[in-house]
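A short worksheet on the structure shown next.
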Amino acid sequence: MAQKKYFRYHRGGFEESMKTMVEVNGLDDIRRIVEDDALIKGYYKNIRIGDGLVDHRCAPFGWGDTSYYVLADFGGYTGQCIGMANFTEE
């Protein structure tokens, strides 16, 4: 059985971030969620999943022990972390 896919927003602390965790089907769901939540439609560009890191804090939430950065371009900046995912799409 495949591991469930999750997304969570980047927040000030781990607990705040985990409160935003939602199950997704893939990167397209993350893009939809972020774009729907944005105050300005089209503000976030090039939403993608980047490098991963080991983070055992997430394991008790069914997340696994690896988190991947969810990155976006906005406000003149590129590759800014807006959240985390427990999967990558190549």
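Every number here is computed from the coordinates shown, using simple stated rules; none is lab data. If you're wondering where the values come from, they're calculated on a predicted model, not measured in any experiment. Cβ atoms come from the backbone with ideal geometry, glycine included; neighbour counts cover every protein chain shown.
Numbers for the structure displayed
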{"quantity": "Selected residue (only one of S17, S67 is in contact (Cβ under 8 Å) with a residue 40 or more places away in the chain, touching a strand residue (DSSP E or B) at 6+ places or on another chain (Cβ under 8 Å) and of a type in the set (S, T, N, Q))", "calculated": "S17"}
{"quantity": "Members of segment 63-79 that are out of contact with any Lys or Arg (no Cβ under 6 Å at 6 or more places or on another chain) and either under 22 Å from E15 (Cβ atoms) or among the acidic types (D, E) (or both)", "calculated": "W63, G64, D65, T66, S67, Y68, Y69, V70"}
{"quantity": "Filter result (of a type in the set (V, I, T) and under 15 Å from M84 (Cα atoms)) within segment 37-65", "calculated": "I47, I49, V54"}
